[in-house]
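Reading through the structure tokens given below for one structure.
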Amino acid sequence: MSQNRPWIPYVLILPSVAFLALLFLVPLVQTIWLSMSDNGVPSLANAQRMAGDLNFTRSLKNTFLLTLAVVPVQLAIALAMGTMVGKIGRGRETILWIWTIPLGISDLAAGLVWLAILQNSGYFNSLLYGLGIIERQTSWLSYQTPVALFLAIAVAEIWRGTAIVMVIIVAGLNQVPKEFREAAEIFGAGPWVRFWRITLPLIRPALQSALILRTVLAFEVFSVVYALGGRNFPVLVGEAYNWQNQNQNYGVAAAYAVLIMVVSLAATVVYLRAIKVDPERLP
Amino acid sequence: MANIVIDGIRKNFGAFEALKDISLTISDGEFVSLLGPSGCGKTTLLRIIAGLETATSGDVLIGERSVIGLPPKDRGLAMVFQNYAVFPHMTVYENVAFGLRMQKADDRRVKEQVEKAAGLLHIEPYLDRYPNKLSGGQRQRVAVARALAVEPRVLLMDEPLSNLDALLRLEMRTELKTVLQGAGTTTIYVTHDQTEAMGLSNRIAVMHDGVVEQVGSPVEIYNHPATRFVGGFIGNPPMNFITVAVEDGAVAAGTLRLPAPAGAGREVVLGLRGEAVALAAPGDGLDMTVRVAEPMGSHLLLTGAIHGQPVRVILPPAERVRGGDVISLRPDLDRITWLSPESGKSYPAAMA
């Protein structure tokens with residue numbers, strides 16, 4: 001069949017290729033051009049304006065710090081959750097379902113939920129006050145409490161974004177036959193050794209995918225930060241948004257967008273290099 | 001080296017009784033197979049001995065010491081898994097060395113033991129490779145070498161050859177026997193393949209529905225099955241069962257009158273191995289209606305009926321019998337097993 005009509009596969013993928021080209025490649029090229037040109041002439045003016053901006057260094061630093069704080073914690077929690085759920089027989093599906101609820105909530109809604117908890121008249125302060133730990137409402141999210149603000153945003157991001165890592169890790173763990181862990185146990189490996197020397201190396205592909213996905217998403221953090229910190233905690237996407245909407249300067253906004261893309265690509269390359277996946281060494 | 005005592009092991013999965021009061025003693029250095037169809041509980045029993053599964057009740061002693069409650073690593077055993085479970089992210093060398101590394105053995109001893117085990121199983125050329133580059137048979141050798149490298153007191157094997165193709169299985173079986181005879185390790189071997197169990201074991205424990213039906217040497221089990229199940233499970237073709245009437249303490253089978261076993265009721269089951277018969281003069285013996293005759297080269301396999309009950313018998317290859325013939329057979333009286341039609345158990349062999 002397919003030998004008679006070799007063009008069939010190409011026809012079949014044509015719609016998705018056209019879709020991608022129209023809605024992804026064209027805007028991408030346009031954005032890159034927008035960021036590297038000035039009135040139709042190639043120029044680095046946008047990049048210079050971006051780099052010279054007051055918030056540029058802060059937003060870059062905040063975004064990286066947040067990524068560095070959030071991603072490892074999310075990975076650790078996801079591994080713990082995945083290992084725990086692997087030991088459960090009945091009710092496993094229900095627990096997984098509950099754990100993935102944050103995935104179904106929009107970023108902004110999640111940010112607002114945490115705002116309701118952490119604002120001056122929020123649940124957290126009411127609780128502390130009720131327990132007699134604080135005497136009056138304390139501010140956690142202001143520019144005067146940068147550490148508390150950072151922690152609040154990190155916690156909210158961890159709550160919101162861990163489920164996707166867990167889903168990938170659980171899928172990876174399911175790929176590892178239990179005989180590997182049992183064999184290790186028989187030959188004298190304790191739980192930690194089994195985890196570090198058997199399980200982790202065998203779920204490399206899942207680790208790699210989860211880390212790439214989660215890190216790229218962390219570089220794109222915006223809604224939760226915007227809900228909790230507003231402009232007190234500038235991040236890269238937030239700055240792009242401001243240049244686009246407040247300042248109506250699409251060129252600088254595009255420069256931010258391109259920067260985020262470059263950073264994400266660089267992180268992906270780092271992961272691809274650091275966590276090598278050799279199909280020869282997988283189950 | 002150690003003996004193993006399995007004492008009243010029970011295992012329930014919810015309402016399902018997987019093992020019903022299993023007791024079995026295995027001597028030091030002995031090779032015992034747990035043989036039975038899938039679902040009979042043999043793998044569960046092995047996993048309980050290994051410590052990968054907990055028994056509902058009962059005790060397991062290895063070398064006179066109860067190991068129930070001890071983690072697998074403190075039981076002094078090694079195991080070979082059905083799907084090999086050779087670690088794909090480690091070289092063959094590191095796989096074989098794994099148990100020794102866990103025991104914190106120094107590099108010199110690790111090297112010594114790995115080389116010894118690799119030599120026994122002829123995997124020296126692959127020590128630097130990763131398991132996925134190896135064939136199934138080679139991986140199985142790695143799994144066995146990994147188990148032998150720690151010089152375990154007890155070696156547990158869970159259907160180790162069932163993933164190999166027929167030819168390789170035969171080859172590995174012979175080799176396994178050679179290697180294990182030399183090592184002298186107490187071995188429990190789980191299999192559903194009777195030829196493996198017969199070929200390898202000192203003794204076989206035939207299991208069925210969570211119960212040990214019979215324990216004995218391969219020849220004992222073959223010639224004197226304790227139950228109808230054992231007779232029907234062991235042997236190819238399986239034992240024939242012909243229900244015959246008992247009158248005045250004698251069994252009328254064709255023109256033959258055989259002494260009925262003590263304690264027999266109105267009927268008794270004649271258990272007859274397919275090859276324990278000889279062709280007799282027409283009308284003298286058990287009449288068999290032959291449906292199909294299959295010349296197998298080494299023997300002639302006949303399928304048909306005696307007393308209207310299906311049977312398979314084996315005759316020398318030179319006999320000329322064809323489908324549709326009615327022949328007379330004379331059973332070898334020493335090789336008859338009498339069984340109760342109600343309980344399926346065999347009557348004790350009559351003193352000749």
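The values are calculated or read from the model by the stated rules, or taken from the named source; none is laboratory data. Computed from a predicted model, the values in this text were never measured in an experiment. Here the Cβ is made from the backbone with ideal geometry for all residues, glycine too, and neighbour counts use every protein chain on show.
Brief remarks follow.
- Enumeration of residues in the stretch A:235-282 that are closer than 22 Å to residue A:200 by Cβ and away from every other protein chain (no Cβ under 14 Å): A:267, A:268, A:269, A:270, A:271, A:272, A:273, A:274
- Only one of the listed residues (A:181, A:204, A:194) is in contact (Cβ under 8 Å) with a residue 60 or more places away in the chain and either aromatic (Phe, Trp, Tyr) or within 11 Å of chain B (Cβ to nearest Cβ) (or both). That residue is A:204.
- Residue in the stretch B:285-296 that is hydroxyl-bearing (Ser, Thr, Tyr), assigned by TED's automatic domain parsing to the domain that holds residue B:251 and under 30 Å from residue B:247 (Cβ atoms) present: yes
- Lone unmet requirement of (1) touching a residue at least 60 places away in the same chain (Cβ under 8 Å); (2) more than 23 Å from the chain's Cα centre (by Cα) for residue A:187: (1)
- On the stretch given as the stretch A:10-65, residues that are closer than 18 Å to residue A:238 by Cα and of a type in the set (Val, Ile, Thr) total 3.
- Strands (runs of 3 or more DSSP E) contained in the stretch B:233-309 and holding at least 1 residues free of Cβ contacts under 8 Å to residues at least 12 places away in the same chain: B:240-247, B:250-253, B:256-259, B:286-295
- Condition check for residue A:138: within 22 Å of residue A:216 (Cα to Cα) and in contact with a helix residue (DSSP H, G or I) (Cβ under 7 Å, 6 or more places away or on another chain): no
- Put simply, of A:109, A:78 the only residue that is of a type outside the set (S, T, N, Q) and within 21 Å of residue A:223 (Cα to Cα) is A:109.
- The residue that is surrounded by the fewest Cβ atoms within 10 Å (Cβ to Cβ), counting only those in the stretch B:105-128 that are of a type in the set (Val, Ile, Thr) and in a helix (DSSP H, G or I), is B:110.
- Taken as a whole, the condition of being under 25 Å from the mean Cα position of the chain (by Cα) and either part of a loop (DSSP other than H, G, I, E, B) or modelled with pLDDT under 90 (or both) does not apply to residue A:96.
- From the list B:185, B:243, the one residue that fits, being over 15 Å from the mean Cα position of the chain (by Cα), over 30 Å from residue B:334 (Cβ atoms) and of a type in the set (Ser, Thr, Tyr), is B:185.
- When residues of the stretch B:41-58 are limited to those that are within 21 Å of the chain's Cα centre (by Cα) and of a type outside the set (D, E, K, R), the one farthest from the other protein chains (Cβ to nearest Cβ): B:41
- Among (1) within 26 Å of the chain's Cα centre (by Cα); (2) surrounded by fewer than 19 Cβ atoms within 10 Å (Cβ to Cβ); (3) of a type in the set (A, V, I, L, M, F, W, C) - the single one residue B:234 does not satisfy: (2)
- Condition broken by residue A:175, with the remaining ones in (1) away from every other protein chain (no Cβ under 14 Å); (2) among the polar types (S, T, N, Q); (3) loosely packed, with under 14 Cβ neighbours inside 10 Å satisfied: (1)
Residue-by-condition table, conditions (1) closer than 19 Å to residue B:78 by Cα; (2) in contact with a strand residue (DSSP E or B) (Cβ under 9 Å, 6 or more places away or on another chain); (3) within 12 Å of another protein chain (Cβ to nearest Cβ):
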{"position": "B:113", "(1), (2), (3)": "yes, no, no"}
{"position": "B:116", "(1), (2), (3)": "yes, no, no"}
{"position": "B:120", "(1), (2), (3)": "yes, no, no"}
{"position": "B:129", "(1), (2), (3)": "no, no, yes"}
{"position": "B:134", "(1), (2), (3)": "no, no, yes"}
{"position": "B:142", "(1), (2), (3)": "yes, yes, yes"}
{"position": "B:146", "(1), (2), (3)": "yes, yes, yes"}
{"position": "B:152", "(1), (2), (3)": "yes, yes, yes"}
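- Here is the figure for the stretch B:60-74: residues that are facing chain A (nearest Cβ under 9 Å) and not in a helix (DSSP H, G or I) total 1.
- Residues (more than 30 Å from residue A:181 (Cα to Cα), in contact with a helix residue (DSSP H, G or I) (Cβ under 6 Å, 6 or more places away or on another chain) and not in a helix (DSSP H, G or I)) located in the stretch A:229-283: A:233, A:234, A:235, A:249
- In the set (1) part of a loop (DSSP other than H, G, I, E, B); (2) under 30 Å from residue B:81 (Cα atoms), residue A:79 fails one condition alone, (1).
- None of B:23, B:38 is more than 23 Å from residue B:181 (Cβ to Cβ), part of a strand (DSSP E or B), more than 10 Å from every other protein chain (Cβ to nearest Cβ) and touching a residue at least 60 places away in the same chain (Cβ under 8 Å) except B:23.
- Every test in (1) at pLDDT 90 or above; (2) in contact with a Gly (Cβ under 7 Å, 6 or more places away or on another chain) is passed by residue A:151 save one, and that test is (2).
- For the stretch B:320-338, a tally of residues being more than 24 Å from the chain's Cα centre (by Cα), modelled with pLDDT of 90 or more and not in a loop (DSSP other than H, G, I, E, B) returns 6.
- The stretch B:65-78 residues that are free of Cβ contacts under 8 Å to residues at least 60 places away in the same chain, paired with ones that are assigned to a strand (DSSP E or B) (beta carbon under 6 Å, 6 or more apart): B:66/B:59; B:67/B:60; B:68/B:59; B:68/B:60
- Selection within the stretch A:264-280 - surrounded by 13 or more Cβ atoms within 10 Å (Cβ to Cβ) and farther than 26 Å from residue B:132 by Cβ: A:264, A:267, A:268, A:270
- Within the stretch B:59-115, tally of residues that are closer than 30 Å to residue B:164 by Cα, among the hydroxyl-bearing types (Ser, Thr, Tyr) and under 30 Å from the mean Cα position of the chain (by Cα): 1
- Subset of the stretch A:120-160 [outside any helix (DSSP H, G or I) and either in contact (Cβ under 8 Å) with a residue 24 or more places away in the chain or within 24 Å of the chain's Cα centre (by Cα) (or both)]: A:140, A:141, A:142, A:143
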